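Chemist: Quick one: the structure is below, questions incoming.
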Amino acid sequence: MNDADAARFHEAFRRLVAILPRDRPRDKDLQLVEGSYFRLLRSYMIEDVIEAGATLASTCTRFPPAAEWLNVMRDKKPANQAHCRVMTEAEALVYRNRATRRVPCSCPACIAAGVSHLPIEFVPIVVDGREERANDPATGNSVPILEEIHGERLRRWYEEFRNFTATPITPSRETRRRQNVTRAVTAHYERPDADEAAAGARKMLEEIDTDLQRREAAAAAAAKKSVAGDEAGDEEGKLIQFKRRINRELRKASSG
């Protein structure tokens, strides 16, 4: 999948949310969780992802964790040479140097834009709304084709980045853990041991879901116990009042 498939994935994801409301993400986390699922599944073809979603909708009784979605597609192959061309030597060089080349640039364009003190950035090439991808000849994995940005484009990139980070987002503990897993999976999918990384990611996501269900069950049990305790306290208070009234009546009868 790529960014152009986001709308189709959104429709499939929200359909699953509507069909399987049990254990679905909370409304305030829904967009973040959907983004995490999209990034985790994006190495597969959109048709395979939608088909797996339909299978889950007809076989599950609760909203499936991402690990279960991946498990349904265990026989599907991630998009690779069958769907992508191989990177050119120049493209592969840019991709491999994306980490070490993030240094300030003193080219005329960067100086004129006032960003010569900031590291250059590497961004995906987008054509007609679709992110260009190709196979990395070193790993065989499908990866985005990147380009360096300088000058005015770099200035706008940093401006948009500052605007994006100006409003901090404080996701829930489970969402933060899922984001960390997703980032780890994204990094590992660019390595030769992608299958092993995916298996590890599935295990981590299952542990997150198990921990969340355990703590939600404990919270529900505590709330139920608290209500039962309040009810018991009310009954005990009524009993004490009844005894006091009886004692008063007995004292009146004995004094009379």
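Chemist: Mind listing whichever residues of region 55-75 are free of Cβ contacts under 8 Å to residues at least 40 places away in the same chain and over 14 Å from the mean Cα position of the chain (by Cα)?
Modeler: Scanning region 55-75 gives Thr55, Ser58, Thr59, Glu68, Val72, Met73, Arg74, Asp75.
Chemist: Can you name every one of the helices (runs of 4 or more DSSP H) wholly within region 34-147 that holds 3 or more residues which are in the same structural domain as Arg14 (by TED's automatic domain parsing) and modelled with pLDDT of 85 or more?
Modeler: 46-59, 66-72
Chemist: Hey, another quick one. Evaluate region 29-39: report whether one residue or more is over 19 Å from the mean Cα position of the chain (by Cα) and in contact (Cβ under 8 Å) with a residue 40 or more places away in the chain.
Modeler: No, because not a single residue in region 29-39 is over 19 Å from the mean Cα position of the chain (by Cα) and in contact (Cβ under 8 Å) with a residue 40 or more places away in the chain.
Chemist: Take the residues in region 1-56 that are in contact with a Ser or Thr (Cβ under 8 Å, 6 or more places away or on another chain) and small (Gly, Ala, Ser), then tell me which one is nearest to Arg130 (Cα to Cα).
Modeler: Only one residue fits best here, namely Ser43.
The values are calculated or read from the model by the stated rules, or taken from the named source; none is laboratory data. Keep in mind that what you see is a predicted model, and the values were worked out from it rather than measured. Heads up, the Cβs are rebuilt from the backbone with ideal geometry, glycines too, and the neighbour counts pull from every protein chain shown.
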